1. The conditions are (1) of a type outside the set (Phe, Trp, Tyr); (2) surrounded by fewer than 17 Cβ atoms within 10 Å (Cβ to Cβ); (3) under 28 Å from B:Lys58 (Cα atoms); (4) within 24 Å of the chain's Cα centre (by Cα), and B:Ile76 fails exactly one of them. Which is it?
2. Please work out which residue is nearest to A:Asp67 (Cα to Cα), limiting yourself to segment A:275-299 and to residues that are surrounded by fewer than 14 Cβ atoms within 10 Å (Cβ to Cβ) and of a type in the set (A, V, I, L, M).
3. For A:Met191, state whether it is at the interface with chain B (Cβ under 7 Å from one of its Cβ atoms), in contact with a Ser or Thr (Cβ under 8 Å, 6 or more places away or on another chain) and either under 30 Å from A:Pro215 (Cβ atoms) or in a helix (DSSP H, G or I) (or both).
4. Of everything in segment B:17-38 that's small (Gly, Ala, Ser) and facing chain A (nearest Cβ under 8 Å), which residue is nearest to A:Gln91 (Cα to Cα)?
5. Among A:Tyr213, A:Tyr178, which is the only one that is more than 30 Å from B:Tyr55 (Cα to Cα) and at pLDDT 85 or above?
6. Please enumerate the residues belonging to segment A:315-341 that are more than 12 Å from every other protein chain (Cβ to nearest Cβ) and surrounded by fewer than 15 Cβ atoms within 10 Å (Cβ to Cβ).
7. Among the listed residues B:Tyr4, B:Tyr41, identify the single one that is facing another protein chain (nearest Cβ under 8 Å) and part of a loop (DSSP other than H, G, I, E, B).
8. Which numbered condition in (1) assigned to a helix (DSSP H, G or I); (2) more than 24 Å from A:Leu139 (Cβ to Cβ) is the only one that B:Ile82 fails?
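The values are calculated or read from the model by the stated rules, or taken from the named source; none is laboratory data. What you see is a predicted model; the values in this text were computed from it and never measured. Here the Cβ positions follow ideal geometry from the backbone for every residue, glycine too, while neighbour counts run over all protein chains shown.
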Amino acid sequence: MELLYNTERLVEIIGDFLQSCKGYGIPEWVLTLGGGVVVAVIIAGFIAVNTLILVLAERKVSAFIQDRLGPMRVGPWGCLQTVADALKLLQKEDITPKKADRLIFFLSPIIVFAPAVMAYVAISWSPKIRVADINLGLLYIFATGSLGTLGIILAGWSSANKWSLLGGMRSAAQIISYEVALILSVIGVIMLSGSLNLENLISCQKDCWYIVYQPLGFLLFLVSAIAETNRAPFDIVEAEQELVGGFHTEYSAMKFAMFFLGEYASVFIASALCATLFLGGWQPVPGLPAVVPPIIWFLAKCYLIVFIIMWIRWTYPRIRVDQLMGFSWKFLIPLGFLNIGLTGFIMAIRG
Amino acid sequence: MKEYLWVAFFLLVGIAFCLGGFIFNWFIRSNKPSESKLSTYECGEKPVGSAWIQYDVKYYLYGLLFLIFDVEIVFIIPWATIFKGSATVTALFVEMVIFIVILLVGLIYAGKKGALQWR
């Protein structure tokens, strides 16, 4: 616990170490690059380990919801199951169909995964732990989030497979529809704090979390975020009963794994954003003394949202494609505008 | 500006992570291609025609709607950032209500024309 509590100190110690290295005649750019590589390895490691944990958690949660045991064979309580899966995917044969557009087929997993990694730059993990303090952090995360769509469309198109093409096109239609609702749902939060910087957004919630002021915004954000990350009940993109595997039907081995790493990385980003915007980020519950370190608070809130997303996935049936599109345009977007109007009205009245 | 160097750096990290995985996979994978393995999957049947078909115009309609509404949101975000603590809050609010009502009329029009109906 002592070590966990001193995570913040650890960051400072690394910084001090890099500073003191300057005295030994090591050029500055080497130190900058060294620091960058350390940060990159930590984040990349987090994404990989987080995916392993989330896949296992997903299977266990689904199993318990459906009154099953889930993976039990590999390791105690099945906890090495996803490690085994990852090792298996690593040594699988990599198949590129003869008719596929080879270059785009190769590039699209990268286009899905790289923006998901980029989003981690703006996340504020604790008062001192963050990669960079990006002033337009919120807008930046939305921008990286929608870049991944491009990869999904390209994957669908380049596979030269009818299922893939349909999956990719549906994905594009779905994501652009819910993108509007997603951004509309956070406008209320921006109005309350007057900032797009995630640091500022968190410090504005010192006394009261925004979920209290923005319950409608929170619900809209959660629903649109689930749709944005292509998860059930909004996963018509890869609806296996009608579209085989959707856009990744033709993918195998590491290319297939990259889509899933990207998906779980963006699920975590969506939860982190939700925790930052509505649940006070790394701040403890207002009124509680700061005993638990902020990063633990932050991760606890993130995994709570992840759990809610999984819970929804395994409780509700998938909705039909026409209902899905209608739900966004006829229900979420008008409600988003209503939320902006209500927030503005109350703020105008109270001055 | 230094912050955005991190963005560029993390783009490279993402690409390097993928390439690293692919290269590792390339070294230890088995590679036994065959005619049927490399053919396009179509429920076990021989693929019929090209997959690069003309797709439905409805996707284009949604793209158009998205473009309109996303541009509107680009207008709303700067308004939202200056709303708090502004001296002319009421005027700002009334302006935005007018703007949103015009938008909603557009949305209702699109709905009446059937553009929101998935066919």
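1. Every condition holds for B:Ile76 apart from (2).
2. Per the stated criteria, the residue is A:Val285.
3. yes
4. First, pick out the residues of segment B:17-38 that are small (Gly, Ala, Ser): B:20-21, B:30, B:34, B:36.
Filter once more, keeping what is facing chain A (nearest Cβ under 8 Å): B:21, B:30.
Working: B:Gly21: 10, B:Ser30: 7 Å.
Among those that are small (Gly, Ala, Ser) and facing chain A (nearest Cβ under 8 Å), it is B:Ser30.
5. Details: A:Tyr178 fails: more than 30 Å from B:Tyr55 (Cα to Cα).
Of the residues listed, the single one that is more than 30 Å from B:Tyr55 (Cα to Cα) and at pLDDT 85 or above is A:Tyr213.
6. Hits for segment A:315-341 are A:Thr315, A:Tyr316, A:Pro317.
7. On the way: B:Tyr4 fails: part of a loop (DSSP other than H, G, I, E, B).
Exactly one of B:Tyr4, B:Tyr41 is facing another protein chain (nearest Cβ under 8 Å) and part of a loop (DSSP other than H, G, I, E, B), namely B:Tyr41.
8. The one condition B:Ile82 does not meet is (2).
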